[in-house]
1. Relative to the longest principal axis of the chain, what angle (0 to 90°, nearest 10) does the C-alpha long axis of helix 2-17 take?
2. So what does Arg12 come to for accessible area, using a 1.4 Å probe and Å² rounded to 10?
3. Which label marks the calculated value of Cα extents along the principal axes in Å, given the options [x] 55, 28, 24; [y] 41, 20, 18; [z] 91, 12, 6?
4. What is the distance, in nm, between label points placed 7 Å from the Cα along the Cα-to-Cβ direction at Tyr44 and at Phe28?
5. Not counting ligands, DNA or RNA, and with a 1.4 Å probe, what is Tyr57's accessible surface area in Å² rounded to the nearest 10?
6. What figure in square angstrom, to the nearest 10, would you give for the accessible area of Asp45 with a 1.4 Å probe?
7. For region 4-63, which GluC sites (Glu not before Pro) are both in a DSSP coil and crowded by at most 15 other Cβ atoms within 10 Å?
8. How big is the dipole moment of the chain about its Cα centre under a simple scheme where the beta carbon of each Lys and Arg is +1, that of each Asp and Glu is -1, and everything else is neutral? Debye, nearest 20, please.
Amino acid sequence: MLDRIITWLIKRLILLWDRHNDKIAFSFGRDERTDYSVVVERFYDDYYTVGTAMYPYNKREER
């Protein structure tokens, strides 16, 4: 039950943090062997982004 509450809280805080759609990625470390990252995926009409990487959609040629 506690895990579900924490997961819900993390989702809500990330949505509040990214309310202006200008965040790309966020990461922090707990120690030298553990790092946590949030990488944002955004979808547009002609392409999508994962962090700073931009990928075009594969469109079929119409005959």
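The values are calculated or read from the model by the stated rules, or taken from the named source; none is laboratory data. In this text, all values refer to a predicted model and were calculated from it rather than measured experimentally. Heads up, the Cβs are rebuilt from the backbone with ideal geometry, glycines too, and the neighbour counts pull from every protein chain shown. The accessibility values were calculated without ligands, DNA or RNA, using every heavy atom of the protein model including side chains. Shrake-Rupley method; radii C 1.70, N 1.55, O 1.52, S 1.80 Å.
1. On a 0 to 90 degree scale, this one is about 60.
2. Estimated to the nearest 10 Å², Arg12 gives 110 Å².
3. Among [x] 55, 28, 24; [y] 41, 20, 18; [z] 91, 12, 6, the one calculated here is [x].
4. 3.0
5. Surface accessible to solvent at Tyr57 totals approximately 80 Å².
6. Here the residue's solvent-accessible area equals roughly 140 Å².
7. Filter output for region 4-63: Glu32, Glu61, Glu62.
8. Here the chain has a charge dipole of around 220 debye.
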